[in-house]
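Engineer: Questions regarding the structure given below will be posed in turn.
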Amino acid sequence: MVVLGWLGKRPLAVGCYALLFVSACNRGTDPTLNQVKQAAERYRNVAVAVAEGYTTDNKCVTAEMLGYPAEQGAMGLHYVRRDLLGLPDKPTGRVAGTGTYTDFAKPAMLVYEPQADGKLELVAVENLVFKKAWEASGNVQPPNFRGNRYLLLADDPETKLDEAHNYEPHYELHAWVLRDNPLGMFAPFNPNVTCRHQKPPSAHPAIHSASVMATAEVARPIGVAVARKLVRSGALLVDVREPSELAQTGRLAGAVNRPMSDFANEAEALPRDRPIILYCRSGRRSAIAGDILGSLGFTEIYNLGGFEAAARGGMPTAAP
């Protein structure tokens, strides 16, 4: 069977026989494309992706940005599981990771197309492994999915463009299971994808993947005095702890309970015409909830932190 590979900036037809002895093209262990698509369906709601730890650097990547012909279209906006890529917390220089993760049943990267209304539409899934880590694990051949070689990206220092988008040399493979691609299922770019509706970085959540890697708090931390003032002005208090926690401690007066375990599904129904003040036990879950709200387009979001600290600081409480 002939599949579409890539060599430099031109498409190249390659077959399974070209992959030498790579587990008969890995077809026996890799999920089918239909299984990959079914597994990706849950991430059509980007809030679900954020809740599971995917983050973005807010860069919608086009073919032209990486030195390819503009007519090849775009990759899109990537959301990344940094843990699966083995990315460091505070990288210096080009980004490099230690992971060798290649399971498309739970992809390390999700690719979205920004829409005119501000929403994000899932168009592809992707896996990425760094060349150095891959070879250090004893691999001789490039990674492949069902006989399709991953594309090797490395920056050419003689050009002004950054062909590896601030990464060390790495292998990556897209699977366009949610958007038709005339260039092929595994091509790096898609002419049917555009970045023209990309919003500025301030409109997106949790910037700490890929090239930026610095967490931007979507929910602004606030103290009790500011929270009480905002509540008097109409802000909504949202407790993201689980019901069992509320049964033991009660809640802040006037707060609604939207448990973190199902927050991604319930967040869309929260009002957008008033400030949202989040809190939990320590402030960690409420920060994640803030990222989810940011991914859905909410703009005025605050993190009050922990329930007990807020109650000690003078926030009135009520029974569950």
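Engineer: Just give me the residues in segment 83-100 being buried (at least 18 other Cβ atoms within 10 Å of the Cβ) and within 16 Å of the chain's Cα centre (by Cα), in sequence order.
Structural biologist: Leu84, Leu85, Leu87
Engineer: Of everything in segment 246-287, what is open to solvent by less than 50 Å² (accessible area, probe 1.4 Å), in a helix (DSSP H, G or I) and touching a helix residue (DSSP H, G or I) at 6+ places or on another chain (Cβ under 8 Å)? Give them in sequence order.
Structural biologist: Of everything in segment 246-287, those that are open to solvent by less than 50 Å² (accessible area, probe 1.4 Å), in a helix (DSSP H, G or I) and touching a helix residue (DSSP H, G or I) at 6+ places or on another chain (Cβ under 8 Å) turn out to be Met260, Phe263, Ala264, Ala267, Arg285.
Engineer: Something else: Does Arg27 satisfy the condition of being among the basic types (Lys, Arg) and modelled with pLDDT under 60?
Structural biologist: For Arg27, the condition - among the basic types (Lys, Arg) and modelled with pLDDT under 60 - is met.
Engineer: Checking Gly297 against (1) more than 23 Å from Leu120 (Cα to Cα); (2) modelled with pLDDT under 95, only one condition comes out false. Which one?
Structural biologist: (1)
Engineer: Can you spot a residue in segment 167-181 that is outside any loop (DSSP other than H, G, I, E, B), within 17 Å of Tyr79 (Cβ to Cβ) and among the charged types (D, E, K, R)?
Structural biologist: The answer is yes, given that some residue of segment 167-181 is outside any loop (DSSP other than H, G, I, E, B), within 17 Å of Tyr79 (Cβ to Cβ) and among the charged types (D, E, K, R).
Engineer: Could you list, in sequence order, the residues of segment 98-121 that are over 23 Å from Thr62 (Cα atoms) and touching a helix residue (DSSP H, G or I) at 6+ places or on another chain (Cβ under 8 Å)?
Structural biologist: Matches in segment 98-121: Thr98, Gly99, Thr100, Tyr101, Ala105, Lys106.
Engineer: Same structure again: Is there a residue in segment 59-72 that is among the β-branched types (Val, Ile, Thr) and either open to solvent by 50 Å² or more (accessible area, probe 1.4 Å) or free of Cβ contacts under 8 Å to residues at least 12 places away in the same chain (or both)?
Structural biologist: For segment 59-72, residues among the β-branched types (Val, Ile, Thr) and either open to solvent by 50 Å² or more (accessible area, probe 1.4 Å) or free of Cβ contacts under 8 Å to residues at least 12 places away in the same chain (or both): absent.
Engineer: With respect to Glu113, is the statement that it is in contact with a Gly (Cβ under 6 Å, 6 or more places away or on another chain), surrounded by 13 or more Cβ atoms within 10 Å (Cβ to Cβ) and under 26 Å from Gly297 (Cα atoms) true? Reasoning before the result, please.
Structural biologist: Working: in contact with a Gly (Cβ under 6 Å, 6 or more places away or on another chain): yes; surrounded by 13 or more Cβ atoms within 10 Å (Cβ to Cβ): yes; under 26 Å from Gly297 (Cα atoms): yes.
Yes, satisfied.
Engineer: Let me ask something else. I'd like the residue in segment 107-120 that is modelled with pLDDT under 95 and either outside any strand (DSSP E or B) or of a type in the set (Asp, Glu) (or both) and, out of all such residues, is nearest to Pro191 (Cα to Cα).
Structural biologist: Our first condition is that a residue be modelled with pLDDT under 95; within segment 107-120, this holds for 114-120.
Now drop any that are not either outside any strand (DSSP E or B) or of a type in the set (Asp, Glu) (or both), which leaves 115-119.
Values: Gln115: 15, Ala116: 17, Asp117: 21, Gly118: 20, Lys119: 20 Å.
It comes out as Gln115.
Engineer: Restricting segment 41-82 to residues that are over 19 Å from Gly97 (Cα atoms), out of contact with any Leu (no Cβ under 7 Å at 6 or more places or on another chain) and assigned to a loop (DSSP other than H, G, I, E, B), which is modelled with the lowest pLDDT?
Structural biologist: The extreme case among them is Tyr68.
Engineer: How many residues are open to solvent by less than 50 Å² (accessible area, probe 1.4 Å) and outside any strand (DSSP E or B) when one looks only at segment 121-140?
Structural biologist: 2
Engineer: Sort through Val218, Val238 and tell me the only one that's closer than 30 Å to Leu122 by Cβ and in a strand (DSSP E or B). Spell out the reasoning first.
Structural biologist: Numbers: Val218 fails: in a strand (DSSP E or B).
Just one listed residue meets the conditions, Val238.
Engineer: I'd like the full set of residues that are more than 19 Å from Pro243 (Cβ to Cβ) and modelled with pLDDT under 95, limited to segment 275-291.
Structural biologist: If the condition is that a residue be more than 19 Å from Pro243 (Cβ to Cβ) and modelled with pLDDT under 95, then Gly283, Ala287, Gly290, Asp291 are the ones that fit.
The values are calculated or read from the model by the stated rules, or taken from the named source; none is laboratory data. Nothing here was measured: the structure is a model prediction, and the numbers come from that model. Cβ sites come from the backbone with ideal geometry, for glycine too, and all protein chains shown count toward neighbours. Remember, those area values only see protein heavy atoms, side chains included, never the ligands or the DNA or RNA. Shrake-Rupley method; radii C 1.70, N 1.55, O 1.52, S 1.80 Å.
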